[in-house]
Amino acid sequence: MSSDLVDLRSDTVTRPDDEMRRAMAAAEVGDDVFREDPTVRRLEDEAALTVGTEAALFVPSGTMGNQVCLRVHASPGCEVVCDAAAHIVLFEMAAMAALSGLQPRMVPSADGLPPLAAVAAAVPAPAPYRARTAILALENTHNMAGGRVFDRSRIDPLLALARERGLRTHLDGARVFNAAAALGVEVATLTRGFDSVMFCLSKGLGAPVGSLVCGARDFVGEAWRVRKMFGGGMRQVGVLAAAGLVALRRGAEPLRQDHENARHLAAGLAELAAYDVDPATVESNILIFRLRAGDAPGWCARLQEKGVLGIPMGPDQVRLVTHRDVSRAQIEKALEAIRSLG
Ligand SMILES: *Cc1c(COP(=O)(O)O)cnc(C)c1O
């Protein structure tokens, strides 16, 4: 992509900057399958500290991180309760079924967090003809809900219910740093109480590759075994962990700018009659809105001719995502391009 394009398709499109590339070039490495890569060790230790768990494990992708966690928490034939628009259901290639023999029990929600009563109803009392429910999986921020953010008052009742029913809990925290930035709290405040947490270095944090699986020491020991089984054992991967460390140490604070940019974009769109957008629901770096005239693919193609990239989400919805490689001036350029579409 040429650099004068404003790429709002995803926060995964960021390029490693000079500081990251220098850290990658200078990284101390070893064979991580033998646990001999000191840079990976450092990344895992610092990630565990940030998330507030005993241990952490570097994995190649968020999808692998989520799927490793589900596999460790449950045996084949169990159910996973989650939101109906969860990433683990919509965008992970049916991996929980294909790799782990698990069945999602999807609960619809208004904003990405399944309601307590619906979750309670989705966990049947043990019966000789019912699958056992093993896991409650939540997502924060929630991608398909437009980056919605859930604070402790929303999370706690669900975790309490899960505990009461004997379920393991998993947080798909691909963007939990965005959630922390939006709420002005520590990441560990939002991850507390989950049996496992996955977060991505390769989204808003800006690293080229990688995610972390975080949990208790025994859990991460098992995750290490399953990561290898899923093909995620990596060798001199300190070159990637080094970029991840730079991203992790920058932390949540810089993401606040991305959130401001997303709100600015939403406010600009809300002034135009062609779009159905509620700026009050834009809480982080994702903006999903409806085109009153429909044809999201056509609209995105016309926008691309003006040098701005977005992603159609179904027939009449578009997703725009802000990130560290999009400046405020480029947000203005994007708004101008959108206005010119009429
Ligand atoms: C991006 C994302 C993931 C992981 O995606 P990968 O592309 O496999 O790294 C998981 N959950 C959510 C909510 C995401 O947005």
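Can you give the extra length, in nm with one decimal, that the chain gains between ASP31 and THR12 once fully stretched, where that is 0.36 nm per residue apart less the Cα-Cα distance?
On the way: separation 19, 0.36 × 19 = 6.84 nm, distance 2.69 nm.
The span from ASP31 to THR12 would gain 4.2 nm if fully extended.
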Given the DSSP H assignment, sum -39500 (n - 2.57) over each helix run of at least 4 residues in the chain and divide by its residue total; what's the result at 222 nm in deg cm²/dmol, nearest 500? -12500 deg cm²/dmol
Expected output is a single nm value to one decimal: the length gained when fully extending between MET229 and ASP278, i.e. 0.36 nm times separation in residues minus the C-alpha distance. What is it? 13.2 nm
Any residue on another chain or 5+ positions along whose placed amide H is under 5 Å from the amide H of VAL308 is listed here as VAL6
Stretchable slack from ALA121 to ASP316, in nm (0.36 nm times residue separation minus alpha-carbon distance): 67.0 nm
Give, rounded to the nearest 20 debye, the magnitude of the charge dipole that the chain has about its Cα centre when Lys and Arg contribute +1 at Cβ and Asp and Glu contribute -1 at Cβ. 520
Taking 7 Å along the Cα-to-C-beta vector as the label spot, tell me the ARG328-SER340 distance in nanometres, rounded to one decimal. 2.3
Given charges at Cβ of Lys, Arg, Asp, Glu: the chain dipole, positive-most of MET20, THR189, CYS300: THR189
Considering the Cα trace of segment 254-340, what is its radius of gyration and what is Dmax, both in angstroms? 11.8, 36
Using only alpha carbons, build the gyration tensor for segment 181-254 and give me the equivalent ellipsoid semi-axes, biggest first, whole Å. 23, 18, 8
Report the far tail of the P(r) of the chain, meaning the percent of Cα-Cα pairs longer than 39 Å. 14
Place a label point 7 angstrom from the Cα of ASP4 along the Cα-to-Cβ direction, then list the residues of segment 302-321 whose backbone nitrogen is under 17 Å away. 303-309
Roughly how many whole Å is it from the C-alpha centroid of segment 216-231 to that of segment 37-72? 10
Near the amide H of ARG319, under 5 Å away, which other amide H atoms are found, from residues 5 or more places off or on another chain, if H is placed in the peptide plane? ILE311, MET313
For GLU46, placing the label point 7 angstrom along Cα-to-beta-carbon and taking segment 218-251, residues whose amide nitrogen sits under 19 Å are 236-251
List every residue whose amide H lies under 5 Å from the amide H of ARG148, counting only residues 5 or more places away in sequence or on a different chain, with H placed 1.01 Å from N in the peptide plane. HIS142
Give me the net charge for the shell around PRO115: Cβ to Cβ below 15 angstrom, other residues only, Lys and Arg +1, Asp and Glu -1. -1
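Values quoted throughout were computed directly from the atomic coordinates according to the rules given, and no laboratory measurement underlies them. None of these values were measured; they are calculated from a predicted model. Here the Cβ is made from the backbone with ideal geometry for all residues, glycine too, and neighbour counts use every protein chain on show.
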